[in-house]
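Reading through the structure tokens given below for one structure.
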Amino acid sequence: MSKLHLVFGGRVTDPQTLNFTDPSKLDVVGIYADYAAAEKAWRAAAQRTVDDAEMKYVVVHLHRLLEPDLDKTPA
């Protein structure tokens, strides 16, 4: 399975949280097959809004949500 990553962002109520003010207005940048591509897209999106402290972009590891046991190593 590919290690998919989602990059999205939007306006937050507090820059130290992920409490988005209006989820219907989230900016979905895209889904990427590897972290390097997702990070590049995240940096570009975050740079466009660098002067707006209430805008926040994140990278979500979709593969961890879809297959949570894949990233766990046996004890």
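The values are calculated or read from the model by the stated rules, or taken from the named source; none is laboratory data. Computed from a predicted structure; not experimentally measured. Counting neighbours? That spans all protein chains shown, and the Cβs are built from the backbone with ideal geometry, glycine included.
For residues in the stretch 3-30 being small (Gly, Ala, Ser) and in contact with an Asp or Glu (Cβ under 8 Å, 6 or more places away or on another chain), which is farthest from Ala45 (Cα to Cα)? Checked the stretch 3-30; the qualifying residue farthest from Ala45 (Cα to Cα) is Gly10. Determine, yes or no, whether Val50 is of a type in the set (A, V, I, L, M) and modelled with pLDDT of 95 or more. Against the criterion (of a type in the set (A, V, I, L, M) and modelled with pLDDT of 95 or more), Val50 does not qualify. Selection of the stretch 2-52 for residues being surrounded by 16 or more Cβ atoms within 10 Å (Cβ to Cβ), touching a residue at least 60 places away in the same chain (Cβ under 8 Å) and out of contact with any helix residue (DSSP H, G or I) (no Cβ under 6 Å at 6 or more places or on another chain) yields an empty set.
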